[in-house]
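One structure below.
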Amino acid sequence: MNFRIGQGFDTHQWVAQRPLILGGITIPHTLGLLGHSDADVLVHAIMDALLGAAGMGDIGLHFPDRDPTFKGADSCQLLSHVVTLLANTGWKIVNVDATVICERPRLAPHVPAMREKLAPLLGITRQEINIKATTTEQLGFTGRNEGAAAMAIALLTDNRPSL
Ligand code: MG
């Protein structure tokens with residue numbers, strides 16, 4: 001079996017009058033994230049980790065933010081497209097681990113719902129998609145509530161015997 005590892009990172013700015021969508025879940029909050037799509041910073045980081053592991057570039061390549069097709073796009077639909085691309089090239093996801101970084105809101109209560117939502121899209125179990133949330137102790141752009149960030153790492157395998 002062959003294995004490939006990939007990492008992803010993304011950031012979006014907090015703004016008023018946008019829903020907050022993280023890990024495919026709408027979370028009640030006074031602010032949302034600004035972006036061409038639904039700005040789901042967690043799903044964007046996961047997609048980049050998957051594409052990186054497969055050596056298939058990044059989400060900017062597959063879903064250009066100048067393309068009106070992706071305006072307001074549901075990032076979970078884009079994630080499903082990425083998972084299909086991987087499957088079509090023989091890759092299976094082993095596991096994904098991700099961290100969302102923001103000062104507010106508190107995300108821990110929403111993590112189980114995010115895992116429940118993302119596991120079937122990724123074709124893995126809830127135990128194989130881990131999501132963590134942290135603050136930066138009021139330091140930096142996340143600490144000043146200017147934006148949220150997310151990091152993800154993904155492991156892929158194929159079912160071919162290694163040579
Ligand atoms: Mg993004």
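The values are calculated or read from the model by the stated rules, or taken from the named source; none is laboratory data. Given the structure is predicted, the values throughout are model-derived calculations rather than measurements. Reconstructed Cβ throughout: ideal geometry from the backbone, glycine too, with neighbour counts over all protein chains shown.
Sort out which residues of the stretch 50-61 are surrounded by 13 or more Cβ atoms within 10 Å (Cβ to Cβ) and either of a type outside the set (A, V, I, L, M) or part of a helix (DSSP H, G or I) (or both), and write them in order of number.
Going through the stretch 50-61, the residues surrounded by 13 or more Cβ atoms within 10 Å (Cβ to Cβ) turn out to be 50-54, 56, 58-59.
Within the stretch 50-61, LEU50, LEU51, GLY52, ALA53, ALA54, ASP58, ILE59 meet the criteria.
One line per residue, one yes/no per condition, for (1) surrounded by fewer than 23 Cβ atoms within 10 Å (Cβ to Cβ); (2) within 14 Å of the ligand (Cβ to nearest atom); (3) without any contact (Cβ under 8 Å) to a residue 60 or more places away in the chain; (4) not in a helix (DSSP H, G or I):
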| residue | (1), (2), (3), (4) |
| --- | --- |
| ILE5 | yes, no, no, yes |
| GLY8 | no, yes, no, yes |
| GLN13 | yes, yes, no, yes |
| ARG18 | yes, yes, yes, yes |
| ILE21 | yes, yes, yes, yes |
| ASP48 | no, yes, no, no |
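Can you tell me which residue within the stretch 62-81, out of those that are more than 13 Å from the ligand (Cβ to nearest atom) and part of a helix (DSSP H, G or I), is farthest from GLY24 (Cα to Cα)?
PRO68
Of a type in the set (Asp, Glu) and farther than 20 Å from ILE129 by Cβ: which single residue out of ASP38, ASP74, ASP48, ASP65 fits that description? Break it down into steps so the answer makes sense when it comes.
Details: ASP38 fails: farther than 20 Å from ILE129 by Cβ; ASP74 fails: farther than 20 Å from ILE129 by Cβ; ASP48 fails: farther than 20 Å from ILE129 by Cβ.
Among ASP38, ASP74, ASP48, ASP65, only ASP65 is of a type in the set (Asp, Glu) and farther than 20 Å from ILE129 by Cβ.
Return the pairs, sorted by first residue and then second, in which the second residue is small (Gly, Ala, Ser) and in a loop (DSSP other than H, G, I, E, B), the first residue lies in the stretch 119-139 and is in contact (Cβ under 8 Å) with a residue 40 or more places away in the chain and crowded, with 16+ Cβ neighbours inside 10 Å, the beta carbons are less than 8 Å apart, and the residues are 6+ apart or on different chains.
These pairs meet every condition: LEU121/GLY24; ILE131/GLY23.
Test ALA113 against the criterion of being in contact (Cβ under 8 Å) with a residue 12 or more places away in the chain, part of a loop (DSSP other than H, G, I, E, B) and farther than 30 Å from MET1 by Cβ, and give yes or no. Before you say what the answer is, go through the steps one by one.
On the way: in contact (Cβ under 8 Å) with a residue 12 or more places away in the chain: yes; part of a loop (DSSP other than H, G, I, E, B): no; farther than 30 Å from MET1 by Cβ: yes.
When the stated conditions are applied, ALA113 does not pass them.
Which numbered condition trips up ASP40, out of (1) of a type outside the set (A, V, I, L, M, F, W, C); (2) touching a residue at least 24 places away in the same chain (Cβ under 8 Å); (3) over 14 Å from HIS12 (Cα atoms)?
Going through the list (1) of a type outside the set (A, V, I, L, M, F, W, C); (2) touching a residue at least 24 places away in the same chain (Cβ under 8 Å); (3) over 14 Å from HIS12 (Cα atoms), ASP40 breaks only (3).
At pLDDT below 95, over 14 Å from the mean Cα position of the chain (by Cα) and under 18 Å from GLY8 (Cβ atoms), is that true of PRO68?
Numbers: at pLDDT below 95: yes; over 14 Å from the mean Cα position of the chain (by Cα): yes; under 18 Å from GLY8 (Cβ atoms): no.
Answer is no for this residue.
If ASP38 passes every condition in (1) of a type in the set (D, E, K, R); (2) closer than 23 Å to THR157 by Cβ; (3) touching a Ser or Thr at 6+ places or on another chain (Cβ under 7 Å); (4) buried (at least 20 other Cβ atoms within 10 Å of the Cβ) but one, which one does it miss?
(2)
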